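The values are calculated or read from the model by the stated rules, or taken from the named source; none is laboratory data. Since we're looking at a predicted model, the values are computed, not measured. With ideal geometry, Cβ positions are generated from the backbone for all residues, glycine too; neighbour counts draw on all protein chains shown. The area values use the complete protein model at the heavy-atom level, side chains included, leaving out ligands, DNA and RNA. Shrake-Rupley method; radii C 1.70, N 1.55, O 1.52, S 1.80 Å.
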Amino acid sequence: MPQAGRRSTFPDALRMLICDMVQTKRYPSNSLKFRTNSGQAMANNNFRIGVLLKLAPLAVLVVCLLVTVLLWDIMRKSADKELQNEFDVQVRLVQSNIKRRLDNYRDVLRGTAGLFQASESVTRNEFHTYVESMELAQVYPGIQGVGYSLLIPAIEKMRRIEAIRKEGFPQFSIRPEGSRDPYSAIIYLEPFDWRNQRAFGYDMYAEPVRREAMERARDQDTEALSGRVVLVQETGADVQYGFLLYKPIYRNGSPHDSITQRRSSLVGWVYEPFRMNELMNQGVLGRYLETIRDQLDIEIYDGDSVDAQHLMFDSKKNGAGGAVRFVSTSTEPYFARNWTIRINSLPAFEAKLNTLQARMILIGGIFISLLLTLVVWLLATTNTRAIKLAAKMSEQLERTLDQTIGAMATVIEIRDPYTAGHQRRAADLASAIAREMGLGDGQLRALTLAAMTYEIGKIQIPAEILSKPGKLDEVERNLIQVHAQAGFEILREIAFPWPIAKIVQQHHERLDGSGYPQGLRGDDILIEARIIAVADVVEAMLSHRPYRPALGLDAALAEITGQRGVLYDPAVVDACVRLFRELGYRMPD
């Protein structure tokens, strides 16, 4: 695949971003209020604030541009992944169409072989009637015909020629001329039109590529596909490569369990000739051809590699041309013969890449970044004015931090669309529980930030697992469980004044030690993590999932009360139940 992808550094960049925000707006660790008294801080630290004001425009510009670039990169890669998935679907469709169509032709060949096995002899008229009844052109488009090639010992050559001439074909002969033993001759081939008449009497056994497939079919008593050939049906115009599919016919009543018996009892082969362009355009692709004609270039090679000397089919005779964004190359076995199928995307397909959202984020982010930078610069033009407005700047930076945390939650929802809104609703419930329990302002602030980021570790989980519309297997569940530790690793370097990283790490721990990732027990688990654990479970059970409907409030409360003191903190459970049963709390939409 010619997509050169650079490994995402989103978690590290996001960590740096929040570090910048926290370093720019530090929260005193001994404060119990949401906001710091910035006016008093400026009065005591005029020099530090002056330096801060000088650096603020640059810091805001860098941070905002970094957020913009990160979000743009996420959306761009998401759009590219969507188009890659569509390409993969189209590739699988082409491959399955080829296999299904060849299997259909095999069934036709087996039916024809059954005609010979059920009769002592099959006359030309019987063969014609049988093949005509199958309506090949309508039911199995793409096939050149169905024929029978007779194996002729050299001693019987003239007798067989004379017998066919007496059937009304006075010019019949076995071609090519020459002395050999044995001969073969195509004596039946339907439809017996002008093109197929060119093959009448042809000795396929005399040509090495055809002979290899005929002998393989004979010795293995199965269908065998030939290599690339030019059919004798071809004329000087529109010459196509082709191939043939053979099935052996043995003498009725003769054993053919071993190779020796098969060789001695062989009487001929039923076979099907194919012209590749007609097979692919009429048989394999059919009406689907119009859908992908300008979107995909399909190439088929005889053998195990992409080699121009063995090219059998190319839907675009001049190739895709230029750089190709998506490429699939696979080797597929068909009747003991390998074909290499190469599928390239064309510009019309690649033009479907939806980068509108990414461009809007990039343009809008740059505009907002410049606007915010201008605002900060205007505020910082004089030290006096900056000091008076420092409190406002402090609030603005804090809002930016909150918005950054909100952006993190949004990124998680983008990657995990089936649980969109889960983290925000759980955070609202967690905050309500904390207030009901009477937690202080500092703890409440810490809980709010942690609850908005506790799923951040999912950014390192493959999107295919997050968006799987069904239950996860054991391996996938184990991968999902990594997200708590991954969230800790992302947040641990950020100098929050509260243990946000540890709260995120512990939100799946349980009182009895059955949780993960550390198996902590009881009071070893932070109270904020115990609150988020209950809020997370209740919200999940109240929400619809692709593999189950919402379970309802009664089931959710029954779960946490049933495990009260076992998995979940009793005080947290009691506060949660009071919220719903007594205080009329409702989950936000």
Open item on the list: Probe radius 1.4 Å, ligands and nucleic acids ignored: give me the carbon and sulfur share of the accessible area of segment 240-375 as a rounded percent.
Closed with: 54
Task: Over 30 Å (Cα to Cα) - which of Lys54/Lys458; Lys81/Lys471; Lys157/Lys247; Lys247/Lys316; Lys54/Lys77; Lys77/Lys471 fall in this group - done: Lys54/Lys458; Lys247/Lys316; Lys54/Lys77
- [ ] Add +1 for every Lys or Arg and -1 for every Asp or Glu among the other residues with Cβ under 13 Å from the Cβ of Ala535, and state the total.
- [x] -4
Task: Kirkwood Rh in Å, taken over all unlike Cα pairs in segment 451-589 - done: 16.0
Open item on the list: I'd like the Karplus ³J(HN,Hα) series for segment 332-340: coefficients 6.51, -1.76, 1.60, θ = phi - 60°, whole numbers in Hz, and an x wherever there's a Gly or Pro.
Closed with: 10, x, 10, 6, 6, 10, 8, 10, 9
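Leaving out ligands and nucleic acids, and using a 1.4 Å probe, what accessible area per residue does segment 510-553 come to in Å²?
Roughly 43 Å² per residue, with all protein chains present.
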Open item on the list: Could you put Trp339, Trp377 in order of accessible surface area, largest first, with the 1.4 Å probe and the full protein assembly present?
Closed with: Trp377, Trp339
Task: Backbone HN-Hα couplings from phi across segment 482-492 [Karplus 6.51/-1.76/1.60, Hz, Gly and Pro as x] - done: 5, 5, 5, 5, 4, x, 4, 5, 5, 9, 5
Task: Amide hydrogen neighbours beyond the local backbone of Tyr202, cut-off 5 Å, H modeled - done: Arg175, Ile186
TODO: Would you work out which of Ala540, Cys576, Gly552 lies farthest towards the positive end of the dipole of segment 436-589? Charges go on Cβ: Lys and Arg +1, Asp and Glu -1.
DONE: Gly552
Task: Karplus (6.51, -1.76, 1.60) ³J(HN,Hα), θ = phi - 60°, over segment 203-208, in Hz, Gly and Pro reported as x - done: 8, 5, 5, 7, 9, x
- [ ] Could you give the C-alpha radius of gyration of segment 120-227 expressed as a fraction of 2.2 N^0.38 Å, taking N as the number of residues it contains?
- [x] 1.11
TODO: Whenever you get a sec, line up Asp589, Asp238 from highest to lowest accessible area (probe 1.4 Å, protein heavy atoms).
DONE: Asp589, Asp238
Open item on the list: Give me the dipole magnitude in Debye, nearest 20, for segment 261-347 about the Cα centre, with unit charges on the beta carbon: positive for Lys and Arg, negative for Asp and Glu.
Closed with: 180
Task: Per-residue SASA entry for Tyr288, accessible area with 1.4 Å probe, Å² rounded to 10 - done: 40
Task: Debye, to nearest 20: dipole size of segment 84-138, +1 on Lys, Arg Cβ, -1 on Asp, Glu Cβ - done: 180
Task: Accessible area (Å², 1.4 Å probe, nearest 10) - Ile368 - done: 90
Task: Under 5 Å, built H, 5+ apart or other chain: amide partners of Arg337 - done: Leu225
Open item on the list: Rounded, prolate or oblate for segment 159-273? Axes are the square roots of the Cα gyration tensor eigenvalues, ordered a ≥ b ≥ c, and the cut-off for rounded is a/c under 1.5.
Closed with: oblate
TODO: Under 13 Å from the Cβ of Ala206, count the other residues' Cβ atoms, weight Lys and Arg +1, Asp and Glu -1, and hand me the total.
DONE: -1
Task: Residue order for Asp536, Asp523, Asp574 - accessible surface, 1.4 angstrom probe, largest first - done: Asp523, Asp574, Asp536
TODO: Using a 1.4 angstrom probe, figure out how much accessible area segment 186-225 has per residue, in square angstrom, rounded to the nearest whole.
DONE: 37
Task: Cβ-defined net charge surrounding Leu583, 11 Å radius [Lys, Arg +1; Asp, Glu -1] - done: +2
- [ ] Show the residues, 5+ positions off or on another chain, whose built amide H is closer than 5 Å to the amide H of Tyr585.
- [x] Phe580
- [ ] Compute the Cα gyration tensor for segment 226-342, then decide on rounded, prolate or oblate, letting a ≥ b ≥ c be the square roots of its eigenvalues: rounded whenever a/c is under 1.5, prolate when a/b is larger than b/c in the other cases, and oblate in all that remain.
- [x] prolate
